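What follows is a short report on a single structure.
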Amino acid sequence: MHQNSMHPIFSITAFEAQQSNWKLIYFKETDSTNKQAKQAVDNATETQLETLSGSVFLTDKQNQGKGRRNNQWTSSPGEDLLFTVVLDTGLPLTQIQKIATTTALALAMEIEKYEIRPMIKFPNDIYIDDKKTAGILIEQIKQFTLIGVGINVNSTPTLTNSTSLIQQQTEDALISREELLSSFLSQLVTQLNFCKDYFAHIQQNLSKYDLFYGKKIQFTQNSSVHTGTAMGISPNGYLLVAIDRDNKIGLQNIPIEICSGHTFRLA
């Protein structure tokens, strides 16, 4: 039993006391924060577009949240973090995977501060103890990158392959969602600066969180299942895989980039 069974709505005041450089747009309930962010960009005037970067669309309850490949993202009202960050990163659309990888690293680094060992399952999931804890969805619209994030924070997920931060930490106390969001945003800015100027830093720091590194994995390509050994992240932010000799794609045992459009799993 957690010390406090009450889950208050997100405190805008508490968040703004820690982060004054971000514009928080709060919804008690909405269909999807990514949808709200996209609508804001689509409907903005030229003048409004100039002020949209640095906006955070956040809700306590999301009815149509989605993850990668249109999978549904479910959460508990008032217990988890559900938000979309709108940023003009200055990076072209061709580098969107680098942003996804960098976002996953920033989130893993912040989760680790709770004495929890997170792992990144390429391309966009955070796992703890082999169970999914967070997901990231990156979309591009006009000059903006939309970074959608869902984190199981204080909930008790019903799915057998899911967990939350409060279930994994040693202390039996609720985690401040306001503090977690604030620290994540600061970390995200720091890591995105490395992403633009020195991506090798991201590659190096990501290795300790890489769930697949050095392990046999399976992935689909051209409707076929292939196996290989994961060898880390490429300079473009994609997964490097040394394909097994009995496969018929690429150069055998020489790592090749595998884009994020595939489904990856441990073999």
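A residue that is in contact with a Cys (Cβ under 8 Å, 6 or more places away or on another chain) and part of a helix (DSSP H, G or I) can be found somewhere in the stretch 196-218. Cβ-Cβ distances below 6 Å connect the following pairs, each with a first residue in the stretch 51-62 that is closer than 22 Å to GLU29 by Cβ, a second residue that is acidic (Asp, Glu) and at pLDDT below 95, and a separation of six or more residues or different chains: LYS61/GLU29. Tallying residues that are within 9 Å of the chain's Cα centre (by Cα) and of a type in the set (S, T, N, Q) within the stretch 89-101 yields 1.
As a summary of the residue check, PRO123 satisfies the conditions (1) at pLDDT below 95; (2) surrounded by 22 or more Cβ atoms within 10 Å (Cβ to Cβ); (3) not in a loop (DSSP other than H, G, I, E, B) except for the one numbered (3). Can you tell me which of THR145, THR133 is in contact with a Ser or Thr (Cβ under 6 Å, 6 or more places away or on another chain), farther than 23 Å from VAL41 by Cα, in contact (Cβ under 8 Å) with a residue 24 or more places away in the chain and not aromatic (Phe, Trp, Tyr)? The match here is THR133. Counting the residues of the stretch 80-101 that are assigned to a strand (DSSP E or B) and polar (S, T, N, Q) gives 1.
Of all the listed residues (LEU188, LEU165, LEU174, LEU159), the sole one being of a type in the set (A, V, I, L, M), modelled with pLDDT under 95 and closer than 24 Å to PHE212 by Cα is LEU159. When THR190, THR156 are screened for being surrounded by fewer than 19 Cβ atoms within 10 Å (Cβ to Cβ), within 20 Å of LYS61 (Cβ to Cβ) and in contact with a helix residue (DSSP H, G or I) (Cβ under 8 Å, 6 or more places away or on another chain), only THR156 passes.
The number of residues in the stretch 165-183 that are more than 13 Å from ASP80 (Cα to Cα) and not in a helix (DSSP H, G or I) comes to 5.
The values are calculated or read from the model by the stated rules, or taken from the named source; none is laboratory data. Everything quoted here is computed from the prediction, not taken from an experiment. In this analysis, Cβ positions are derived from the backbone assuming ideal geometry, glycine residues included, and neighbour counts consider all displayed protein chains.
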